[in-house]
Each structure stands twice: as C-alpha cells, then as structure tokens.
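The next block holds one structure in the form of structure tokens; read it before the comments.
The values are calculated or read from the model by the stated rules, or taken from the named source; none is laboratory data. In this text the structure is predicted, and so the values were computed from the model without any measurement. All Cβ positions, glycine included, derive from the backbone under ideal geometry; neighbour counts span all protein chains shown.
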Amino acid sequence: MRIMDGPPGARTGAAPLLAVDVAGIRCANPVWAASGCAGYGRELAAAWPLSALGALCVKGTSLEPWRGNPGPRVAETACGMLNAIGLQNPGVDHLLTRDLPWLVRQGTAVVVNIVGRTIEEYAAVARRLGDAPAGAVAGVELNISCPNVREGGLQFGADLGAAAEVTAAVREATSLPLLVKLSPNVTDVAAFAAAVERAGADGVSLINTLLGMRIDVAARRPILANLTGGLSGPACKPVALRMVWEVAGSVSIPVVGIGGIATGLDAAEFLLAGASAVQVGTAIFRDPWAPVRVRDELEAWLRAQGMASAREAVGAGRP
C-alpha cells in the first residue's frame, strides 16, 4: 500500500493542518497507534514508515518483565476480539536499552504505557523513564484500567481514591506529559476523569477494553484460560464515543479517544465529541495499514468540511 497524502481526487485547495499538541505531546497528526496493538512498532515499520503516525503508544511496560497469562489468550467475537494477554512485556530496562533507541529514529512521538501491581511500581517505572535521552519519550500513558490481570490494573481503575493516588504518585515521579487511561467498567467515568485531573494528570485517554467472555459450547468451557478478557473493536465504539463525550464535557484537560476506530469517519466522530486525538487499536490486526488509512480519510473529511485544521474539529459537534 502506498502512503498517500489523501484519497485520489480528494486533494483540492489548501491541505488541512493535521498537527496537534495533546497535553504537551506534539504530534504530526491526531492518529496514534494504541498500546498493545502495535508492540514496539517494528512489525508496522516493515509495512510503512512510523513517521506517518501522530504517536505510537508502546506495549504496557512494567518495572520487571511480566510473563502474562496462560493461553488461550485471544478469542474473536462478532464485532471485535477478546484478549487476556495479561500485559506480558520484557520490562522497562529492555525498553530503554533495546526498543527506545530504535524508536527514536522512526520520526514519531513515543508514548510509554506503564503498568504496575502497586503504586510504588508505577512510580518506579515513571522514574526509570527519566533515564531516557531528552525528547526520546514524548509522554506517559498510565494504564490503571486493564481488565485481564489478576493484580493491579483494574483495582486502580475502578476505585476513585486509588485512581487519584496512583496518578499523584506518578505525577511526582515524572515531569513528562501524563495521560491516564480510564476504564469503561465503572458507573461514572467522568468522575474518574475529574479525580485524576485533580491529582495532576495532563490528559486522559479512554476507553480501555470492556470486560467480556466467550464460552466454547462444544467443550462447555470458557475459551480464555483467564475466563474473562478485554473486549475491543467496533462493538465498543458507541460506548467509547458516549464516554468521550461525557468526559470532554467535564474536564479541562485534553481527551484522547479509543474504541473501535477503524475509519476516518470514526475518528471524526471522536474529534467532534471533544477528543483531541484518537488511537487505532484492534483494526490493526485486520488491516496493518489502518492507522495510515484513518489519517488519510480524516484529512479528506476535514477538507470536505472546509476545516483548516484538525484542531478546528475538536468539540465542534458539541452544542
């Protein structure tokens, strides 16, 4: 697939400006690759240059290597997928010595998604990122909401006090722009957004996956060894869009939209709802070029709307 500046025949007049600044993370465009769906970027870079991305959110990174959950860890659904990977990763030292030096040469903003079992572990990972060369890490995405780990993750994302406490600890540990990734598995996501904003978050990203499961009717057993996993993909989009709308109307910090984004029009909906940028995740598994295509389709939509920039679309659908 050829990297294009827009769909054939769609480029007339001045090109809309795609560059955005999200909580201090400067991006060439508002389309990011979501954490866990692009690894550390090497596989995508074999197909197209990572400089086409606004940012790459690397796989969830812990203080020490994590083995993850036993298999089976993935199951397809009618409109998406379930995963229970369990945040398997080689740890922050591996990221700093092996992956980050390569990533900084790819020409895209690098956002490090960090995870931990305790508040102290989250803060320790954030401090270790301070050892990276200046400018190598554009920002931190604090994952407090992964539904497929037995420790940490969900407990922080589903408790207002814990969410604020871990955010405050990471805020103290790093001066990097700090996004907090919110769980949809709560009754009032806007309350969580407000809590982490008060605790020092520079922005929020949402949603993480919905908690779900599948059962093998022949074996009469759950398909995932973890029993439940995180549901992602197109089925999540209406839920994600509603939550982005609610959060964007309740906080003053930027919002990054995630959930079922597979086309430029999907991305446009999230921007109109109030998101400053979007992350493409599950769509990558079906179409590795999805982030580039979403970027190009979004640019064509901005042009058709007569908008001069992506920033002009942010919140433009709100009364």
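List of remarks:
- When the residues of the stretch 85-99 are filtered to those that are part of a helix (DSSP H, G or I) and either in contact with a His (Cβ under 6 Å, 6 or more places away or on another chain) or not β-branched (Val, Ile, Thr) (or both), the one that is nearest to residue 124 (Cα to Cα) is 93.
- Considering (1) out of contact with any Phe, Trp or Tyr (no Cβ under 7 Å at 6 or more places or on another chain); (2) at positive phi; (3) not aromatic (Phe, Trp, Tyr), the lone condition that residue 87 does not fulfil carries the number (1).
- Yes/no for residue 181 being surrounded by fewer than 23 Cβ atoms within 10 Å (Cβ to Cβ) and touching a residue at least 24 places away in the same chain (Cβ under 8 Å): no
- Taken together, the residues in the stretch 268-319 that are assigned to a helix (DSSP H, G or I) and in contact with a helix residue (DSSP H, G or I) (Cβ under 8 Å, 6 or more places away or on another chain) amount to 23.
- Matching residues, the stretch 136-147, being at pLDDT below 95 and surrounded by fewer than 24 Cβ atoms within 10 Å (Cβ to Cβ): 147
- Residue satisfying all of: in the stretch 27-81; of a type in the set (Val, Ile, Thr) and crowded, with 24+ Cβ neighbours inside 10 Å; nearest to residue 92 (Cα to Cα) among these: 61
- The set of residues from the stretch 231-256 being within 14 Å of the chain's Cα centre (by Cα), outside any helix (DSSP H, G or I) and under 23 Å from residue 74 (Cβ atoms) comprises 232, 233.
- Residue in the stretch 257-267 that is in a helix (DSSP H, G or I), in contact with a helix residue (DSSP H, G or I) (Cβ under 8 Å, 6 or more places away or on another chain) and farther than 24 Å from residue 307 by Cα present: no
- Members of the stretch 106-131 that are in a loop (DSSP other than H, G, I, E, B) and within 21 Å of the chain's Cα centre (by Cα): 106, 107, 108, 115, 116, 117
- Criterion: charged (D, E, K, R) and in contact with a Ser or Thr (Cβ under 7 Å, 6 or more places away or on another chain) - qualifying residue of 312, 297: 297
- A single member of 303, 286, 295 is within 28 Å of residue 43 (Cβ to Cβ) and either among the hydroxyl-bearing types (Ser, Thr, Tyr) or touching a residue at least 40 places away in the same chain (Cβ under 8 Å) (or both), and it is 295.
- Filter pass, residue 231 being in contact (Cβ under 8 Å) with a residue 60 or more places away in the chain and more than 20 Å from residue 192 (Cβ to Cβ): no
- Selection of the stretch 108-129 for residues being more than 17 Å from residue 59 (Cβ to Cβ) and modelled with pLDDT of 95 or more yields 123, 124, 127.
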